[in-house]
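The next block holds one structure in the form of structure tokens; read it before the comments.
The values are calculated or read from the model by the stated rules, or taken from the named source; none is laboratory data. Nothing here was measured: the structure is a model prediction, and the numbers come from that model. Glycine also receives a Cβ, built like all others from the backbone with ideal geometry; neighbour counts cover every protein chain displayed. Heads up: the accessible areas ignore ligands, DNA and RNA and are worked out on the full protein's heavy atoms, side chains in. Shrake-Rupley method; radii C 1.70, N 1.55, O 1.52, S 1.80 Å.
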Amino acid sequence: MDFDEFDDVEIDLEESEDLNVITMIDDNNEPIDFVVIDGITVSDVQYLLVVEAADIDEDEPEATILKELPSADDDSEVVYEFVEDDDEYDKILMLLQDSDNDYELKI
């Protein structure tokens, strides 16, 4: 999947079988579900490590990092965008690797 096709997208967060699922809408108005694996707050900004729900049962699913942004439309809404800055991505990835977690990250 090419994650560049997503712009800032609003999310629908729901509980599903003890997994947090974020449904994002791509530029073609197609919903894509992501499972939240972990989260971390850095400098008052929430980051989420996510895996596409369709890939969650794979042996080594590909994960990506989302960054929480305030919505321009409504203060109660949250918008996530993919972290594209390499330095920011690496920093968050290192912090997630250092945390006590039940998963293994491979770079």
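Step by step: first the residues of the range 22-55, then only those that are of a type in the set (D, E, K, R) and either touching a Ser or Thr at 6+ places or on another chain (Cβ under 6 Å) or under 20 Å from Leu69 (Cβ atoms) (or both), then the one that is modelled with the lowest pLDDT. Which residue is that?
If we take residues in the range 22-55 being of a type in the set (D, E, K, R) and either touching a Ser or Thr at 6+ places or on another chain (Cβ under 6 Å) or under 20 Å from Leu69 (Cβ atoms) (or both), then Asp26 is modelled with the lowest pLDDT.
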Note to self: For the list (1) in contact with an Asp or Glu (Cβ under 6 Å, 6 or more places away or on another chain); (2) in a strand (DSSP E or B), I need the number of the one condition that Leu66 fails.
What the structure shows: (1)
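State all residues of the range 73-93 that are assigned to a helix (DSSP H, G or I), open to solvent by less than 100 Å² (accessible area, probe 1.4 Å) and either at pLDDT below 90 or not hydrophobic (A, V, I, L, M, F, W, C) (or both); if no residue qualifies, say none.
Across the range 73-93, the qualifying residues are Glu88, Tyr89, Asp90, Leu93.
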Margin query: Out of the residues in the range 36-53 meeting the condition of being of a type in the set (S, T, N, Q) and part of a strand (DSSP E or B), tell me which one is nearest to the chain's Cα centre (by Cα).
Written below: Gln46
Next item on the list: Filter the range 61-92 for residues that are in contact (Cβ under 8 Å) with a residue 24 or more places away in the chain and among the hydrophobic types (A, V, I, L, M, F, W, C) and give the result.
Entry: Ala63, Ile65, Leu66, Leu69, Val78, Val79, Phe82, Val83, Ile92
Check: With respect to Val45, is the statement that it is surrounded by fewer than 15 Cβ atoms within 10 Å (Cβ to Cβ) and closer than 17 Å to Leu93 by Cα true?
Finding: yes
Notebook entry, point to check: Taking into account only those residues within the range 56-71 that are surrounded by 12 or more Cβ atoms within 10 Å (Cβ to Cβ) and not aliphatic (A, V, I, L, M), which is modelled with the highest pLDDT?
Noted result: Lys67
